[in-house]
1. Treating cross-link reach as a plain straight distance, find the aspartates and glutamates whose alpha-carbon is under 12 Å from the alpha-carbon of K159, omitting any fewer than eight places away in the same chain.
2. For the range 325-377, what does the alpha-carbon gyration tensor say about shape, rounded, prolate or oblate, given a ≥ b ≥ c as the root eigenvalues, a/c under 1.5 as rounded, and a/b over b/c as prolate?
3. For I349 and T113, FRET efficiency with R0 = 56 Å and r from the beta-carbon atoms, rounded to 0.05?
4. Can you tell me the alpha carbon radius of gyration of the chain divided by the globular rule-of-thumb value 2.2 N^0.38 Å?
5. Evaluate 2.2 N^0.38 Å with N set to the residue count of the range 215-352, then give the Cα radius of gyration divided by it.
6. Just to confirm, what accessible area per residue do you get for the range 1-132 at 1.4 Å probe, in whole Å²?
7. Using only DSSP helix segments of four residues or longer, with each worth -39500 (n - 2.57), what per-residue ellipticity at 222 nm results for the chain after dividing by its residue count and rounding to 500?
8. How high is the relative contact order of the range 65-180, in percent, with contacts defined as C-alpha pairs under 8 Å that are six or more residues apart?
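The values are calculated or read from the model by the stated rules, or taken from the named source; none is laboratory data. Worth saying up front: this structure is predicted, and the values here are computed from it rather than measured. Here the Cβ positions follow ideal geometry from the backbone for every residue, glycine too, while neighbour counts run over all protein chains shown. Just so you know, the surface numbers come from the protein's heavy atoms only, side chains and all, with ligands and any DNA or RNA stripped out. Shrake-Rupley method; radii C 1.70, N 1.55, O 1.52, S 1.80 Å.
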Amino acid sequence: MSNPDNCILQHKFIVFCGDHYNPLTLIRSLGEDGIAPIVILAHPSPYLVPKSKYIGTLDRVNTNEEGFQLLYEKYGNEELKPFVYSCSDDIESLLDTNFSILENKFYFFNAGTNGGITHFMDKEMILRAAEQCGIPVPKSEVVKHGSLPATVPFPIITKSIKSTVGGWKNDVFVCRNEKELLESYNYIKSDPVLIEEYIEKDNELCIDGISINGGQEIFMPFQANYIRFTNKSYGNYMTISPFRDLELERKIKQLFRLTKFSGIFSIEFLITKDNELKFLEINFRHSTWALSSKLGGANLPKIWAQSMLAQQLETGKLELREQPFTAMAELSDFNDHVRHENLSFRQWIKDFRNCECTYIYNSKDKKPFYSLITHSLLIILRKYIRI
């Protein structure tokens with residue numbers, strides 16, 4: 001029998017991305033296993049991703065559209081189909097809506113039809129699909145910008161209907177009455193707006209995995225629960241542990257069969273004060289947290305490539321970690337808690353040093369981290385000079 005590593009290494013690996021630590025973790029996941037990917041980097045002035053030593057070839061473009069054209073024209077006629085990884089919703093939607101053009105030239109995340117994934121990037125669509133599969137969801141409704149909800153009682157939380165439109169995370173507001181909601185519309189860019197009941201959470205749950213054969217086979221080895229978080233978003237300092245909820249796994253598998261998705265994903269839930277789960281969303285692309293799965297023994301980007309060639313999950317020989325460990329997205333956690341004076345700098349440094357998985361700092365690939373620090377200091381300095 002042929003070695004799966006030898007089979008996949010005959011193919012090109014392409015990371016189509018912006019300048020963010022999400023693709024940086026993907027590049028490292030591949031690079032640490034001896035795969036130096038081609039990176040199509042869509043950003044006019046990148047400072048993070050290009051510093052990684054694991055990049056094989058770097059193709060820089062200014063826009064996603066230029067990146068797509070380069071992908072198709074430069075790598076679209078390979079003898080063996082390259083593996084293409086997306087790390088953001090806008091790039092994934094671009095690939096997804098061009099499924100019929102790409103399907104015979106690349107392996108990429110898709111739902112088997114033009115726009116199949118983009119359809120479920122609409123938060124209302126994926127909420128209804130989850131509900132259909134027996135997964136509890138928050139009460140919600142979609143309203144025009146400036147309108148009040150007709151069915152969802154206050155307090156509420158506002159969200160962009162899609163991450164690719166409006167202000168995305170900047171459109172999130174917790175409103176306890178009509179006055180606060182109407183005031184928030186001065187800042188919300190999305191139209192329409194998704195309004196959900198605001199639920200006081202005890203925690204959140206995030207599960208990274210891969211889905212192949214149109215959602216027929218799912219692999220979800222680990223889950224993340226957060227050590228600290230805010231009332232508006234998930235946390236960035238977390239405990240990673242094996243995922244063992246068989247009933248939830250069954251419902252998630254049903255949901256992915258409905259979406260027909262093949263690719264790397266993360267799925268998120270809110271945990272209420274009564275220890276009940278409420279579905280939040282699916283990210284139909286590689287997520288930053290996937291790097292922690294690699295530390296646990298499951299390199300999701302590599303396993304996805306092996307499984308696509310085998311047309312079945314290639315997970316039988318994995319030795320998965322049983323003991324929980326901690327992980328941190330350093331910059332986001334620092335901004336959320338130290339800069340907002342919710343946590344001392346001394347405690348944050350202690351937590352950072354005790355993490356087994358950090359998503360920006362890497363002792364074997366240090367240049368991106370130091371480039372980020374330099375970039376951040378320059379921003380502060382320029383602001384100070386202007387003042």
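1. Reachable aspartates and glutamates: D122, E124, E141, D171, D191, E196, E197, E281.
2. Taking the square roots of the gyration eigenvalues as a ≥ b ≥ c, the range 325-377 is oblate.
3. That gives a FRET efficiency of 0.70.
4. Rounded to two decimals, the normalised Rg is 0.98.
5. Here the Cα radius of gyration is 1.15 times the empirical estimate.
6. I get 42 Å² per residue for this part.
7. Estimated from H runs of four or more residues: -9500 deg cm²/dmol.
8. 17
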